[in-house]
1. Based on alpha-carbon centroids, what's the gap between segment 199-217 and segment 157-188 in Å, whole number please?
2. Among 334, 307, 33, which one shows the highest mean-square fluctuation when the chain is modelled as a Gaussian network with alpha-carbon springs under 10 Å?
3. Among rounded, prolate and oblate, which fits segment 220-305 when a ≥ b ≥ c are the square roots of the eigenvalues of its C-alpha gyration tensor, a/c under 1.5 means rounded, and a/b larger than b/c means prolate?
4. Return the tail of the calculated pair distribution for segment 252-346, meaning the percent of Cα-Cα pairs more than 21 Å apart.
5. Helix-derived [θ] at 222 nm for the chain: sum -39500 (n - 2.57) over DSSP H runs of at least 4, divide by residue count, nearest 500?
6. Of the candidates 39, 218, 284, which one comes out as most mobile in a Gaussian network treatment of the chain with C-alpha springs shorter than 10 Å?
7. Between 0 and 90 degrees, rounded to the nearest ten: what's the tilt of helix 64-77 against the longest Cα principal axis of the chain?
8. Could you please rank 220, 68, 289, placing first whichever residue has the fewest other Cβ atoms within 10 Å of its Cβ?
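Throughout, read-outs are computed from the coordinates displayed, never taken from laboratory work. Bear in mind that the values here come from a model prediction, so they are computed numbers and not experimental data. For neighbour counting, all protein chains shown are included, and Cβ atoms are generated from backbone atoms with ideal geometry for every residue, glycine included.
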């Protein structure tokens with residue numbers, strides 16, 4: 001496979017790996033991995049080891065390189081914990097090697113359920129139920145880690161974390177208007193949901209690590225078992241309120257037909273309901289979950305704005321129009337879902 005050297009210069013990567021003693025010989029079997037809409041992944045083999053390289057997109061965002069540095073840091077910190085994650089091999093914080101910060105991680109053998117279930121999982125509803133339990137257990141395990149003990153004391157700013165959420169994401173939405181061709185957001189109930197979130201915000205929480213984008217599209221399951229093999233795509237990870245991850249699980253969990261905002265999983269029969277996932281999380285945490293639906297609304301608000309960024313970049317010619325239109329539709333769906341929770345709560 002020929003890889004555009006403006007994206008990844010394989011010769012420069014080979015030299016960089018030589019300097020770190022990471023295998024010998026050529027990089028073979030190079031293939032681009034799909035599944036994400038933001039950053040780039042290449043899988044390849046060198047010697048007797050498989051590698052996955054992760055770097056920012058061709059049209060980098062202002063914080064793309066720092067995002068790679070943060071991802072590599074948290075993956076390194078999670079080594080030895082019970083959180084299923086790709087093992088970090090090596091990272092390059094400097095942008096001079098490939099034009100962007102990047103890192104190498106171990107290849108994970110497994111599947112993302114939205115891409116189709118292997119026969120073991122597709123043929124047995126009990127296996128699918130166990131998949132859902134393993135999924136929410138991974139979130140609870142992450143949230144239970146003492147971030148200070150694994151060297152992440154300065155990885156986030158938990159003080160005022162919830163107070164910053166609405167202003168932060170509204171500011172990010174405003175920043176999209178700097179992209180030529182983007183007419184501005186056409187998002188239902190934007191102001192009303194933002195106001196409701198501020199007025200009903202929990203007044204305290206127990207700080208911990210959160211993934212920030214915890215949904216079924218960012219989790220790989222083992223091919224031979226119902227267990228999570230690895231949680232992937234750690235670009236939004238920080239130290240804040242881990243219940244934000246559970247809120248996203250609620251917001252993104254498929255309906256009874258297996259359809260969600262970002263994927264379709266078939267067959268769906270056997271998977272736990274969102275309420276059952278919340279109950280499962282509750283028995284594995286000491287956190288106050290009395291306001292968990294607020295976190296679900298926040299997840300709709302935050303994730304919808306993040307996805308709208310790809311729509312804005314598509315309007316500016318920096319992303320696929322097809323993907324931009326698809327993700328804008330998801331944004332609208334998420335805001336409608338968030339508004340339905342708000343109106344139900346009164």
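1. What the calculation gives is 17 Å, centre to centre.
2. Its mean-square fluctuation being the largest, the pick is 33.
3. Numbers: a/c = 1.34, a/b = 1.33, b/c = 1.01.
Rounded is the answer for segment 220-305, as its axis ratio a/c remains below 1.5.
4. Working: 2044 of 4465 pairs.
Across segment 252-346, Cα pairs with separations above 21 Å total 46 percent.
5. Working: 10 runs with 141 residues, N = 346.
Taking each H run of at least 4 residues, the total per residue is -13000 deg cm²/dmol.
6. The residue that fluctuates most here is 284.
7. The helix 64-77 is inclined about 90 degrees to the chain.
8. Details: 220 20, 68 24, 289 14.
By the 10 Å Cβ count, ascending, the order reads 289, 220, 68.
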